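In what follows, a single structure is set out as structure tokens and then discussed.
The values are calculated or read from the model by the stated rules, or taken from the named source; none is laboratory data. It should be emphasised that the depicted structure is a prediction, and the values quoted were computed from it without experimental measurement. Neighbour counts are summed over all protein chains in view; Cβ atoms, including those assigned to glycine, are modelled from backbone coordinates with ideal geometry.
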Amino acid sequence: MAIQMPTELLDGCVLGILSNGDYYGYALTQKVQEDIPISESTMYPVLRRLKKNNFLSTYDEPFQGRNRRYYRITREGRARLNEVTTEWIEFKSQIDKLIAGGD
């Protein structure tokens, strides 16, 4: 896909996935990669930014002698997801209209 994913939409995608349950970083990256071509090196800064903005919280769980860091959406993250969803619906509608010829 040649269209670049804007930061706000990627944030919304991550928050949307996490709204259905917690994920550890690598599994979350794989989940996003099912639909969007994105690298691991792109995903971790997104997760750090979302956590810094209090949209995510983290906790560690042991797995095969190591810890996995899990990400959980917060109340603020759910509110942000609602904002991004509303903005996306409006934006998508406008783009669909233009692509269809502007009518």
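If you filter region 50-87 down to residues that are surrounded by 14 or more Cβ atoms within 10 Å (Cβ to Cβ), within 18 Å of Thr7 (Cα to Cα) and without any contact (Cβ under 8 Å) to a residue 60 or more places away in the chain, you find that the one that is farthest from the chain's Cα centre (by Cα) is Glu76.
Within region 1-21, the only residue that satisfies the criterion of being among the polar types (S, T, N, Q), at pLDDT below 95 and either surrounded by 15 or more Cβ atoms within 10 Å (Cβ to Cβ) or not in a helix (DSSP H, G or I) (or both) is Gln4. Can you find a residue that is in a loop (DSSP other than H, G, I, E, B) and aromatic (Phe, Trp, Tyr) anywhere in region 84-100? No: zero hits. For region 53-85, filtered to residues that are of a type in the set (S, T, N, Q) and at pLDDT 95 or above, the residue that is nearest to Cys13 (Cα to Cα) is Thr85.
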